[in-house]
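Coordinate-derived values only; no laboratory data. Keep in mind it's a predicted model, so treat the numbers as computed, not measured. A quick note on method: Cβ atoms are made from the backbone with ideal geometry, for glycine too, and the neighbour counts reach across all protein chains shown.
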Amino acid sequence: MHRTLYLIGAGYLAICGMVYVGFREPRGNRAAPDAPANTVPTSGSGEAWYAAIKPYCNAVEVEIAQRNHPAPATLDGQGFSAACYALGGKIESARAVIDRLPSADRSQAAGIVFAVGHPVADAGDNRSAGPIMELVVAYWPNHYMALYHAGMAEYGLGQNELARQHLESFLQYYHEQDGWTQSARETLARLQ
């Protein structure tokens with residue numbers, strides 16, 4: 001019985017080997033792979049630029065991707081550039097992008113960063129969301145939802161004093177009696 005199975009297995013391997021060798025091209029006939037096309041727009045809509053570059057907004061690729069494919073020099077282009085850096089954990093690079101904007105435009109760029117980073121906060125990734133939300137608050141200090149998420153992320157990371165500051169500020173700006181308010185109050189009570 002075992003001998004029959006070994007013979008069947010050996011036959012299968014031999015057939016696979018012949019199929020592989022039969023479909024391989026000789027080494028001299030292989031063409032070089034085509035270079036990937038540049039599909040990241042460098043002008044026009046910042047949103048279109050971001051949609052194309054988003055897969056590269058990670059810690060490994062964000063700096064090279066933005067160097068090779070800079071964002072449009074518009075307010076939304078720079079806002080999405082900062083958001084991409086922030087998603088990649090490069091908060092200081094994101095801050096530098098926002099700081100290069102006129103002071104009147106910085107809160108709008110921070111709003112773009114918030115919009116991009118909000119799903120990270122909602123997913124509960126405190127280690128990633130906390131610095132993104134702190135960046136937003138630095139340029140838009142009364143952004144109540146950024147204050148809430150910054151405070152909750154800091155609480156989750158054991159940064160209790162920062163959590164207290166941000167959650168108390170959240171309650172100063174947000175007056176609805178809902179789950180956000182209840183969660184902030186419960187967290188502040190745990191911090192006492």
Next on the checklist: With only alpha-carbon atoms in the gyration tensor, what are the semi-axes of the equivalent ellipsoid for the stretch 48-192, in Å, largest first?
Outcome noted: 29, 15, 12
Checklist entry - Residue-wise, which Karplus ³J(HN,Hα) couplings in Hz belong to the stretch 112-125, taking 6.51 cos²θ - 1.76 cosθ + 1.60, θ = phi - 60°, and x for glycine or proline? => result 5, 4, 4, 4, 6, x, 4, x, 5, 5, 4, 6, x, 7
Checklist entry - Hey, got the dipole for the stretch 135-192? About the Cα centre, +1 on K and R Cβ, -1 on D and E Cβ, debye to the nearest 20? => result 80 debye
Next on the checklist: For the stretch 116-184, compute Rg over Rh where Rg is the Cα radius of gyration and Rh is the Kirkwood radius from the inverse mean 1/r over Cα pairs.
Outcome noted: 0.92
Checklist entry - Ratio of Rg to Rh for the stretch 46-114, alpha carbon only, Kirkwood? => result 0.92
Checklist entry - What list of ³J(HN,Hα) values in whole Hz, one per residue of the stretch 157-165 in order, does the Karplus curve 6.51 cos²θ - 1.76 cosθ + 1.60 (θ = phi - 60°) give from phi, with Gly and Pro shown as x? => result 9, x, 8, 5, 5, 4, 4, 4, 4
Checklist entry - What nm value, rounded to one decimal, do you get for the distance between R185 and A115 when each label is placed 7 Å out toward the C-beta? => result 3.3 nm
Item to check | Summed side-chain charge close to Y139 - residues other than Y139 whose Cβ falls under 12 Å, Lys, Arg +1, Asp, Glu -1 | outcome: -1
Item to check | Mean shadow area of the stretch 143-182 over all directions, Cα convex hull, nm² | outcome: 2.4 nm²
